[in-house]
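As structure tokens, the structure follows; a few thoughts come after it.
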Amino acid sequence: MPLTLLAEQALNGLQLGLMLFLLAAGLTLVFGIMDMINLAHGTLYMIGAYLAATVAEASGSFVAAIAAAVVGTAVIGMALELTVLRPLYRRSHLHQVLATFALILIANELVRIIWGAQPIALNMPAALSGPVELAPGLRYPAYRLVVIGVGLAAALLLYVVVVHTRVGMWLRAGASDREMASAMGVNTAWLFTAAFGAGAALCAVAGALLGPLLAVQVGMGENILILAFVVIVIGGIGSVRGALVGALLVGILDTVGRTALPALFRALASPEVASEAGPALASMLIYVLMAGVLCFRPRGLFPARG
Amino acid sequence: ADKIKVGFMSTLSGPGAALGVDIRDGFELVAKGEGGKLGGLTADISIADDQQSPDTGRQVVERFTKRDRVDVITGMVFSNVLLPVMPAILASGTVYISPNTGPEDYAAEKCDPNFFVVSWQNEDTASAMGQVMNDRSLKNVYLIAPNYPGGRETLNGFKRTYKGAIAGEVYTRLGQLDYAAEIATLRAARPDAVFFFLPGGMGTNFIKQYVSAGAQQDARLYTPGYSADEDTIKSVGEPMVGILNTAQWAHDLDNPANRKFVADFQKAYGRLPTMYAQQGYDAAQLIAAAVRDTGGRIEDKAAFRQALHAARFDSPRGRFRFNTNNYPIQDYYLREVVKDGAGRITNKTIGKVYTDYADPFAARCKMK
Amino acid sequence: MASTLHIGLRPLPTLVLVASLVLLPVVLTAVDQPFYIVLASRVLIYALIASSLNLLIGYGGMVSLGHACFVGAGAYTTAVLVHAGIGSAWLAWPAAALAGAVLAAMIGAVSLRTRGVYFIMITLAFAQMAYYVVVSLRALGGDDGLVLPRRTGYGFGLDPHADMTFYYAVLGVVVLLMAGLRRLLNAPLGRALQAIRDNDVRMEAIGFPVFRIQLAGFVIAGATAGLGGGLLADLNQQVSPSLLHWTQSGTLMVMVILGGAGRFLGGVLGAAVLLLAQELFSDVTTHTALGIGLVLLAVVLFAPAGLAGLWRQVAR
Amino acid sequence: MSAVLEVDGLSAGYGTGRVLFGVGLHIEAGEAATLLGRNGMGKTTTVRCIAGLLRPVEGTIRLAGEPVGQRGADWIGRAGLGLVPEGRRIFPNLTMRENLVAFAANRRAAADPWTLERVLDLFPPLAPRLGNLGSQLSGGEQQMLAIGRALLTNPVLLILDEATEGLAPLPREAIWRALQRLRATGLAVLAIDKHVDRLAAIAARHTILDRGRVAWTGSSAELTADRSLWERYLGL
Amino acid sequence: MTAPPGLQVDGLRKRFGGVSALDDASLAVKPGELHALIGPNGAGKTTLIQLVSGAERADAGRIVLDGAVIDGLPMHRRVALGLARSFQISSVFPAFTVLENVALAIQARSRARCAVWRPVAGQAALFEPARRVLDVVGLGARSDIAAGALSHGERRRLEIGLTVATGARLLLLDEPLAGLGPDESARVVALLRTFKGQAGILLVEHDMDAVFQLADRISVLVHGRVIASGVPQAIRAHPEVRRAYLGESTA
Ligand SMILES: Nc1ncnc2c1ncn2[C@@H]1O[C@H](COP(=O)(O)OP(=O)(O)OP(=O)(O)O)[C@@H](O)[C@H]1O
Ligand SMILES: Nc1ncnc2c1ncn2[C@@H]1O[C@H](COP(=O)(O)OP(=O)(O)OP(=O)(O)O)[C@@H](O)[C@H]1O
Ligand SMILES: [Mg+2]
Ligand SMILES: [Mg+2]
């Protein structure tokens, strides 16, 4: 494999990882830090993308689209937290699973009713739509570089807030012992609503940013959500650092698997076997990774620390 | 009979829903046009969602055959739903009319008098594209499809006619999101052209990413019509321009039936019809025609099947008839996605690939 | 003595329930609605599968998001056996259960080293692997799955393709296993499982082999789910990867929570309500999911203990 | 002299079961009071009500004159209640330093406000453990941390529910001494502890709970004088 | 080698990251002896119990019970060999009634502890002994309420009850008196006294009155090291112990 290709594939791995992190970031906040199992996280991601697409269509401005998506999704998120999730904090995780699963079903139908079953378009700003020359012979989509940048920024921001600010400490405290946290003078109810809104906003960023690369359609959240969960669990629930590392691991491993494995099998096994086993193994690689990690580190790579 | 009961089961939820919805809209358009009748008989159409799951599909089929006791079933989009439930349908002696997938099995040995396909055999459009590549003397083509039977079928169809060399053949994960890695490898292989078959969201993702990587200049994209139809165009937008695809129909075909269909469809639903819509439309037309020809005496199954096989109706696609295996014999066209005068991005017919094309499996079908 | 844990068996209601289940097909045939016999069989099978998951989630505190892969194992085992010409239910169904058990033993042995959400995710991981294996193996029909030319037979000149016969076969199996499950939960092992859910560290500290007990529970649940899968394969006369898809595991979990995790009839109620609701809604609208979603939301908000709990609230 | 805490006719319980029946309790500024009684008599339940962690069935609670009424626990906390809860309840997923500083406040701009340094002076064993997660602390370290956490909020009323449980003799003594000093600064204290004799030396007023009712109230002198109380209500 | 009966702990080490919780700690508990382990907060007492009971693995050192090395064994096997521990922070089964809590501990040593057929309810063999234990720890009147609804002190007593009910020959008790009111303390002290001779006890406790009443021997742990070990009088007089732990109060 020529060097430029190697470099490009490395970038692709990194980029896929950060794509996943964009979604995992919000999930780390809500699921990791606040300790709520929110299956509807992918739904917020979908809503973000749809809002962005709609506004972009209307205004023609990508920036406006992102802004609108962020605000809109955050509001929707907080509304959900107030109406549906708040009553469930005192109950077991199972209730959150059921409630948020219901939200997925409802949201998907509503989106279909409002926007129709056909996927809708969300295009990247013309300025970024082309590739840029990173090194001689290495052209890389400008837009994906933006994704990389935003992903890293989100990681940094989240890390600082969660680990180094009082609000972050209150969140973690409230997650482990709500009652005691409020006895210490923290208004946990509103803190959590706000944090959930922030999580939703991060979803919107992911949705709006990935929209131009991925189909904006009903159910777009579900599959990528699973990957986001995988990322977080590999990294260690509640750890921002872990989530980032997990995301990069998954991104790179998946890329390597998809490119190298089939070739490898073709070299080793009969084409029959190869064409079958190669893709199969490539598809399950990240799950093998997760199972492996949990087998030896049952609480992820970075057991809960900021 | 005083009315005809139609069980319409399609994928109306989940990522595949767009296709099912188009088929349904096309189908209902005919009944609407006749004021709720098909071929003069009141049409009692019960619509159900298979959620793209054979399990659910099986459940619905049980309801259609055992409870509603429908005369005709139609609507399924995906072969992974159709193949598992088909035995149950045929066992119940109910007629099935496929408005989309046309699997190999039922085209060959397992062909059945109760099984009709108004769309195409799964390999047809791909074979047509192989022909196109030969005509354009493209010598080095790169192939991409998802790792599932449908994907392999399509690539086989392509290879059946394509004569040149194959730069690479990649099978990706079903429902894959990111194709950056595949695209990079692909470009390193320096092919003349890329033939891809990635239905639904996968196609959207691939095209968006392929174009943003600036690869369109190096190797142009070729695909079966259903990966480059109005729905995909709607979801991808600008980047679609320049993609070549083959289909049995195009919305700009110049014949009266088609002009009527496209006009009516746009009037009813405010969007351009897709192949799926046209296929659903013809499924309904086929039923209507058969009802009409039997004078509404559909309880005479044999006669009804006869009438269906005769298929006396004007298809928007132009010339259409059934082969001995109840799969179509029809023409195939080459379409290109262009930005038309009105600045609207859409498919434009730029040539005919096949005339009266029949799938290669009919020979293995015993029916006469 | 006062016990919150012992699952009593009130003879009269039980008798009524079983009796009505026995009479159901007779009635349905009388009114010429064979379709609902098939539906009832499906409900029964899912009731069994959901109950096996309830044993894990509700009683064992092992929240598994990979249960569908045991169902799949059983289903594919049956399908493969039928294709191999082994058409007797007396062989195929036990084999299905065995397949489920073996798979559960392997997955459990690894997964049970983790706790809580990590357990949820690792079980999911294994289920996904199973899914991709099945999708990719052409021998198993890949994405198209396998079609069973005929159902497995019971001998005694019974025709498994007669909806009623099949229904009774299923009913027999389900009633038997539910009885066994109740017995198990009241027995020392069942108690131990529930105590581990409550406080696993303490259980180890008073001398229980926690890991082995949980594994036992996991395997029992896997076997039951496998058997359920076998029945499902027979019912549909077809198996496909969608049986193993993670959304399937999710749906099973939803059934359990909906019905009431940790309530003996929770799984049964959940399966029945969810399937019947689906049937009902899909009959009147194509926006089925919307209706289902609203129902689930209502239950979780207003019936914290699930339908089985609601049952009690109303009873009082 | 102003009352920091006034509890009147307090009744409360869990679910349907009643636990408290008309409990009354008054604490003046800078006063140290105790709540005594056997296990299960309702001491902690009383505290939970005062801290707003349990809704009373009836009765009124006033904090520094303000009726607490339907206020949330967080308001009460900010209003100057420093709680050292039964069973420590430090935050396991925060480091010791975070546990201390996250809720620190200098509400009353006190003459000598509590700071991290002062807390570490009070409990030298904590210093080397500042980086440990709460879950990685010994029982006693957790207990000291819980006290330090409450002090750092610079409360007007400090409630100690079995705050010396699991403490070695030396730190226990340190706390008694600290309490004595604190009272000089006008901090009011409500203490629940098994070391009644030590409390008698520090606190002025004592209340004994028996099955959710106030069985006796009086001064240290009266308490120490009347041994029958000890046998009847404290089992000594 | 033939170690004497009872519990033998040699050179235990345990590090947590930078912290050295146990650093070459050794002690021996003779059968039937009540051996108190005292020391400042954070000295490593609970850690030692964690290691001996098998909840955590030691970095180095050896644990011998009645001559058999038990280092490698999982916790439940050690319990089966007659070594049970109590928790400093109560650890009970909140969803079970108080009686069922103790019955579990009895079940743990019954042969049919994992039987799958005979219902537990109404197995007198489990519940009769359980009631006796509850009477001893003074929870007889509370036997039918959920353990989660117990007050702190009541839960502490259930904690002891659970440990006792395992019928172990060697008990590791981590601050059993903490959180108990005066009379309850007295009751538990009396209970422990009855065990003398029957079962060996390693008692971790900060209540010096109780310790000096009960202990046959006392070991003092400071910074993970046993700095002194001997009869109560000796320990009480030991200057270093006074400085590091007792202070002048209990002179
Ligand atoms: N969460 C709860 N649910 C139900 N009942 C409870 C709960 N907590 C305490 N109780 C009951 O309330 C009564 C008083 O409990 P409380 O904790 O106030 O006693 P206490 O005086 O603090 O005892 P201790 O000295 O043991 O802490 C007890 O009988 C106890 O059983
Ligand atoms: N998981 C851990 N990670 C890091 N340090 C730990 C961990 N567990 C305990 N420690 C440290 O090890 C030391 C010994 O802890 P241990 O609980 O054994 O003390 P102890 O003697 O029981 O004290 P106490 O009397 O307060 O209960 C303490 O300083 C504690 O901070
Ligand atoms: Mg208390
Ligand atoms: Mg300790």
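Note down the net charge around C:Arg115, summing +1 for each Lys or Arg and -1 for each Asp or Glu among other residues with Cβ under 12 Å from its Cβ.
Value of the local net charge: +2.
Provide Rg over Rh for the stretch E:91-165; use the alpha carbon set for both Rg and the Kirkwood Rh (inverse mean inverse pair distance).
0.96
Taking the dipole about the Cα centre of the protein assembly as shown, with the C-beta of Lys and Arg at +1 and of Asp and Glu at -1, give me whichever of B:Leu272, D:Val214, A:Thr100 is farthest to the positive side.
Toward the positive end, the furthest listed residue is D:Val214.
Tell me the mean residue ellipticity at 222 nm calculated for chain C from its helices only (DSSP H runs of n ≥ 4, each -39500 (n - 2.57), averaged over every residue, nearest 500).
-24000 deg cm²/dmol
Looking at chain C, do any whole DSSP H helices span at least 18 angstrom along their long axis by alpha carbon and average -0.5 or above on Kyte-Doolittle, and which?
C:11-30, C:34-54, C:68-83, C:89-111, C:116-136, C:163-186, C:210-236, C:246-259, C:266-284, C:288-302
Sum -39500 (n - 2.57) across every DSSP H segment of at least 4 residues in chain A, then divide by the residue count to get the 222 nm mean residue ellipticity, nearest 500.
Result for chain A, helices only: -24500 deg cm²/dmol.
Along the principal axes of its C-alpha atoms, what lengths does chain A span, in descending order and rounded to whole Å?
64, 51, 36
How many angstrom lie between the C-alpha centres of the stretch A:82-101 and the stretch B:158-195?
Answer, in whole Å: 45.
Quick one: work out Rg over Rh on the C-alpha atoms of chain B, Rh as Kirkwood radius.
That ratio is 0.96, to two decimals.
Evaluate peptide E:91-102: per residue, the Cβ atoms of other protein chains within 10 Å of its Cβ; return the mean as an integer.
The per-residue average across the peptide is 5.
Enter the angle in degrees (range 0 to 90, nearest 10) between the Cα long axis of helix B:17-33 and the first principal axis of the Cα atoms of chain B, meaning the one along which they spread out most.
Helix B:17-33 and the main axis of chain B meet at about 40 degrees.
Within a 10 angstrom radius of each residue's Cβ in B:18-28, how many Cβ atoms of other chains show up on average? Whole number is fine.
Average neighbour count from other chains, rounded to a whole number: 2.
Please sort by residue number the trypsin sites (Lys or Arg not before Pro) in the stretch B:1-95 whose DSSP state is loop and whose Cβ has at most 13 other Cβ atoms within 10 Å.
Filter output for the stretch B:1-95: B:Arg69.
Taking only the alpha carbons of the protein assembly as shown, what extent do you get along each of the three principal axes, in Å, biggest first?
The Cα atoms of the protein assembly as shown stretch 114, 77, 69 Å along their principal axes.
What does the charge add up to near D:Glu231, with Lys and Arg as +1, Asp and Glu as -1, over the other residues with Cβ less than 12 Å from its Cβ?
+1
How would you classify the stretch E:1-91 from its alpha-carbon gyration tensor, with a ≥ b ≥ c the square roots of the eigenvalues: rounded for a/c under 1.5, else prolate if a/b is greater than b/c, otherwise oblate?
Rounded shape, in that the Cα axes give a/c under 1.5.
Could you quote the convex hull projected area for the stretch C:174-316, Cα atoms only and averaged over all directions, in nm²?
Across all orientations, the stretch C:174-316 yields a mean hull projection of 11.0 nm².
Put +1 on the Cβ of each Lys and Arg and -1 on the Cβ of each Asp and Glu in chain A; which of A:Leu122, A:Met78, A:Thr193 then has its Cα farthest toward the positive end of the dipole?
Among A:Leu122, A:Met78, A:Thr193, the one farthest towards the positive end of the dipole of chain A is A:Thr193.
Compute the separation of the alpha-carbon centres of the stretch E:194-251 and the stretch C:216-289 and state it in Å as a whole number.
Using only Cα atoms to place each centre, the spacing works out to 61 Å.
Mind checking the dipole of the stretch C:161-229: about its Cα centre, +1 per Lys or Arg Cβ, -1 per Asp or Glu Cβ, Debye to the nearest 20?
Dipole magnitude for the stretch C:161-229 comes out near 200 debye.
Which value, in debye to the nearest 20, gives the size of the charge dipole of the stretch D:3-234 about its Cα centre, when Lys and Arg are +1 and Asp and Glu are -1 at the Cβ?
So the dipole magnitude of the stretch D:3-234 works out to roughly 280 debye.
How large is the charge dipole for the stretch C:33-248, taken about the Cα centre, if only the Cβ atoms of Lys, Arg (+1) and Asp, Glu (-1) carry charge, to the nearest 20 debye?
Charge dipole, the stretch C:33-248, about its Cα centre: 460 debye, nearest 20.
Compactness ratio of the stretch D:3-234: Cα Rg over 2.2 N^0.38 Å, N = residue count?
In units of the globular-protein estimate, the stretch D:3-234 measures up at 0.98.
Given the rule -39500 (n - 2.57) for each run of at least 4 DSSP H residues, summed and divided by the residues of chain B, what is its mean residue ellipticity at 222 nm, to the nearest 500 deg cm²/dmol?
One gets -11500 deg cm²/dmol as the mean residue ellipticity at 222 nm.
Take peptides A:16-24, E:29-37 and line them up by average Cβ neighbours within 10 Å, highest first, as a rough protection proxy.
Ranked by mean Cβ neighbours within 10 Å, highest first: A:16-24, E:29-37.
Please name whichever of E:Leu12, C:Leu193, D:Val68 sits farthest to the positive end of the charge dipole of the protein assembly as shown, dipole taken about the Cα centre and charges placed at Cβ: Lys and Arg +1, Asp and Glu -1.
E:Leu12
Averaging sequence separations of C-alpha pairs under 8 Å and six or more residues apart, then dividing by the length of the stretch E:68-138, give the relative contact order as a whole percent.
Once normalised by length, the contact order is 32 percent.
Do any cysteines in the protein assembly as shown lack another Cys Cβ under 4.7 Å, and if so which?
By the Cβ distance rule, which asks for a partner under 4.7 Å, the isolated cysteines are A:Cys203, A:Cys295, C:Cys69, D:Cys49, E:Cys114.
Cross-link list B:Lys37/B:Lys267; B:Lys5/B:Lys260; B:Lys5/B:Lys66: which exceed 24 angstrom alpha carbon to alpha carbon?
Listed pairs above 24 Å: B:Lys5/B:Lys260.
Restrict the search to the stretch E:47-153; then list the trypsin sites (Lys or Arg not before Pro) that DSSP places in a loop and that have at most 14 other Cβ atoms within 10 Å of their Cβ.
Sites meeting the loop and neighbour criteria: E:Arg57, E:Arg111.
Below 8 Å, C-alpha to C-alpha, sequence gap of six or more: please give me the relative contact order for the stretch A:95-230 in percent.
That works out to 31 percent.
For chain C, what does the alpha-carbon gyration tensor say about shape, rounded, prolate or oblate, given a ≥ b ≥ c as the root eigenvalues, a/c under 1.5 as rounded, and a/b over b/c as prolate?
Because its axes are fairly even, with a/c under 1.5, chain C counts as rounded.
Could you compute the longest span of chain B free of GluC sites (Glu not before Pro) located in DSSP loops and having at most 14 other Cβ atoms within 10 Å, not counting the site residues?
Within chain B, the longest run free of exposed GluC sites (Glu not before Pro) spans B:110-298.
Which net charge results when you count Lys and Arg as +1 and Asp and Glu as -1 among the other residues whose beta-carbon is under 15 Å from that of C:Leu301?
Around C:Leu301, the surrounding residues sum to +2.
If I model a spin label at A:Glu133 and A:Arg86 as a point 7 Å from the Cα along the Cα→Cβ vector, what separation in nanometres do I get?
If labels sit at A:Glu133 and A:Arg86, their model points lie 5.8 nm apart.
Could you please state, rounded to a whole Å, how far the C-alpha centre of the stretch A:146-191 is from the C-alpha centre of the stretch A:254-306?
The distance from the Cα centre of the stretch A:146-191 to that of the stretch A:254-306 comes to 33 Å.
Restricting to Cα pairs below 8 Å that are 6+ residues apart, what does the relative contact order work out to for the stretch B:186-276? Please round to a whole percent.
Relative contact order for the stretch B:186-276 comes out at 27 percent.
Under a 5 Å amide H to amide H cut-off, with H placed in plane at 1.01 Å, what residues pair with B:Ser98 once short-range neighbours are removed?
B:Phe116, B:Val117, B:Val118
Using the alpha-carbon atoms, what tilt in degrees (0 to 90, nearest 10) does helix B:79-91 show relative to the longest principal axis of chain B?
On a 0 to 90 degree scale, this one is about 20.
Values in this text are rule-based calculations from the coordinates and carry no lab data. If you're wondering where the values come from, they're calculated on a predicted model, not measured in any experiment. All Cβ positions, even for glycine, are placed from backbone atoms using ideal geometry, and neighbour counts span all protein chains on display.
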